[in-house]
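Novice: My questions all concern the structure below.
Values quoted throughout were computed directly from the atomic coordinates according to the rules given, and no laboratory measurement underlies them. Just so you know, these numbers come straight off a predicted model, no measurement behind them. Backbone-built Cβ (ideal geometry, glycine too); neighbour counts: all protein chains shown.
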Ligand SMILES: [Zn+2]
């Protein structure tokens, strides 16, 4: 239904929306290196775009809170511009934000997270479990994850074809297309490297903070991916509402 930006609401209007059953959405991203062709804000841009698409299709009004733009992001830490928080700080920050939103009367809060570093997503799930009424959609899981492509599941969902396509669909002005087209494909099993003990993108073999094949990205593919992610996010929220 209608999307309300929490930054532009008065408190009585916020209360009225919460009492009428509006769902609060909290976009979560990071400030993190995403290859030489994308900005540090990629995860935030994607999370906010998913919130817009969810709000347009959800059966309730949505209040979108200001995004969380800092995260635990140890893998990109060696690259300038990346700001990483330790797990305890990140967990406390998220738990505090969610407690505040729920305290305002919202019965359902969905955390729309698009910083996919495993340790960070664990923190997001921990924070979600600690606060009543919070749902944490996770599009990595079946059935959606495998539909997002081989690169997403095996090659690395970081600044490759997957994320670059999403950015071409959501914010093409933020993509350096010439740089994108010049990048050779990097066929590295990022999840496998992480499981094998690599501690950052350099140790995984990603000297430029990207993996996969950004040069193959298209806006059309980004649209298709957004639809799949939005479907999964909506299903998770709708099931929490029923
Ligand atoms: Zn990302």
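Novice: When you scan segment 95-132, how many residues do you find that are away from the ligand (no atom under 16 Å from the Cβ), touching a strand residue (DSSP E or B) at 6+ places or on another chain (Cβ under 6 Å) and assigned to a loop (DSSP other than H, G, I, E, B)?
Specialist: Number of matching residues: 2.
Novice: Against the condition closer than 22 Å to residue 82 by Cα, in a helix (DSSP H, G or I) and away from the ligand (no atom under 14 Å from the Cβ), how does residue 202 come out, does it pass?
Specialist: Working: closer than 22 Å to residue 82 by Cα: yes; in a helix (DSSP H, G or I): yes; away from the ligand (no atom under 14 Å from the Cβ): yes.
Answer is yes for this residue.
Novice: So if I check each of 87, 76, which one is away from the ligand (no atom under 14 Å from the Cβ) and farther than 30 Å from residue 238 by Cβ? Full working, then the answer.
Specialist: On the way: 76 fails: away from the ligand (no atom under 14 Å from the Cβ).
Every option except 87 fails the conditions.
Novice: I've got another one for you. What's the number of the only condition in (1) more than 30 Å from residue 24 (Cβ to Cβ); (2) within 14 Å of the ligand (Cβ to nearest atom) that residue 184 fails to meet?
Specialist: If we test residue 184 against (1) more than 30 Å from residue 24 (Cβ to Cβ); (2) within 14 Å of the ligand (Cβ to nearest atom), just (2) comes out false.
Novice: Another question about this same structure. Scan segment 133-147 for residues that are assigned to a helix (DSSP H, G or I) and within 16 Å of the ligand (Cβ to nearest atom) and report the count. First the steps, then the outcome.
Specialist: Taking segment 133-147 and keeping what is assigned to a helix (DSSP H, G or I), we get 144-147.
Those still in the list that are within 16 Å of the ligand (Cβ to nearest atom) too: 145.
Number satisfying all stated conditions: 1.
Novice: Working carefully through the options 120, 125, 154, find the one that is surrounded by fewer than 19 Cβ atoms within 10 Å (Cβ to Cβ) and more than 28 Å from residue 2 (Cα to Cα).
Specialist: When all the criteria are applied, what remains is 154.
Novice: Something else: Identify all residues within segment 61-109 that are without any contact (Cβ under 8 Å) to a residue 12 or more places away in the chain and closer than 12 Å to residue 128 by Cα; write none if there are none.
Specialist: 92, 96
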